[in-house]
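Comments concern the structure below.
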Amino acid sequence: MNNGFTVITPTGDRPIAFALSRKWMACQTVKPKRWVIIDDGKIPMDLGELRSYEYYVRREPQPNDPKHTLVVNVKESLPFIEGDKVLFWEDDEYYAPAYLEKMIKKLTSFSVVGIGCAKYYHLITGGYIEHQNMEHASLAQTGFDISVLPMIKSCVDKGMEKDWLDCNIWREVQRSKRSDDPISSMIFRDTDNPLFVGMKGLPGRFGIGIGHKTDSYKNHDDADRSKLKEWMPHDYPAYLDLLKEIAK
């Protein structure tokens, strides 16, 4: 923690979502030494004046890019890491003000940390779900100590033809526990004070994963958006305002 930490965000063609992402970063109780923003959108983002911790990298789309460029962008970001800890921060998710502080604190005791029982919310339809995962965390809520960077690079190099990047990372963590050199890890729940909500259905480039598909949700919020308010009691108005803009 004394050496600072890096946050990595792959993004592209999601200006509305990323504007909210910058808002949530500005609200964090601790800031990264460097927020690496890798943009490969068809239209480059105009971020205006960069904040002191923002580090914008433009990656031009290539003809041989895979359909989903997440791992390509993550690989591009790794040389720009500063500090001894790294957190993934996806561009369309909600992060409560204490998110970075809580994650960095846990990374002082563990090499890989994530939040389990992931909460996902589809803004347009009001669909929501809380998964029961406690051996695996989504990439958007995973962080690691720089000591395991070689393992992270190996997972990135595998690409995502056979599995998601987060699955590969946490599989390696679990596999290491059967070896002579286990990776210390922790997955915790943020039930009492939600730190993260996987926000789906925002305008812009369509995301990967089943959470972006409306038929993935069996439960739906009420007209007052009570579940949204429960999961982000102070910041939900930003999403209600966005809903009004989308409806126009």
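The values are calculated or read from the model by the stated rules, or taken from the named source; none is laboratory data. Predicted model, so just to flag it, every value in this text is computed and none were measured. Quick reminder, even Gly has a Cβ in these numbers, built from the backbone with ideal geometry, and neighbours come from all protein chains shown. The accessibility values were calculated without ligands, DNA or RNA, using every heavy atom of the protein model including side chains. Shrake-Rupley method; radii C 1.70, N 1.55, O 1.52, S 1.80 Å.
A few comments on the model shown:
- One residue stands out among those in segment 169-217 that are assigned to a loop (DSSP other than H, G, I, E, B) and of a type in the set (Phe, Trp, Tyr): the one that is least open to solvent (accessible area, probe 1.4 Å), which is TYR217.
- Elements of type strands (runs of 3 or more DSSP E) contained in segment 1-78, each with 2 or more residues being touching a helix residue (DSSP H, G or I) at 6+ places or on another chain (Cβ under 7 Å) and within 18 Å of GLU93 (Cα to Cα): 6-11, 34-39
- Being within 25 Å of ASP215 (Cα to Cα) and open to solvent by 60 Å² or more (accessible area, probe 1.4 Å) is a property that ILE129 lacks.
- Summed over segment 194-211, the residues that are modelled with pLDDT of 70 or more, more than 19 Å from GLY41 (Cα to Cα) and of a type outside the set (Val, Ile, Thr) give a count of 5.
- Residues being closer than 12 Å to ILE124 by Cα, surrounded by fewer than 16 Cβ atoms within 10 Å (Cβ to Cβ) and touching a residue at least 60 places away in the same chain (Cβ under 8 Å) - total across segment 218-242: 1
- Selection from segment 145-161 of residues that are open to solvent by 20 Å² or more (accessible area, probe 1.4 Å), under 17 Å from LYS85 (Cβ atoms) and assigned to a helix (DSSP H, G or I): ILE146, SER147, LEU149, PRO150, MET151, LYS153
- Residue match in segment 69-82 (condition: open to solvent by 70 Å² or more (accessible area, probe 1.4 Å) and within 23 Å of MET232 (Cβ to Cβ)): no
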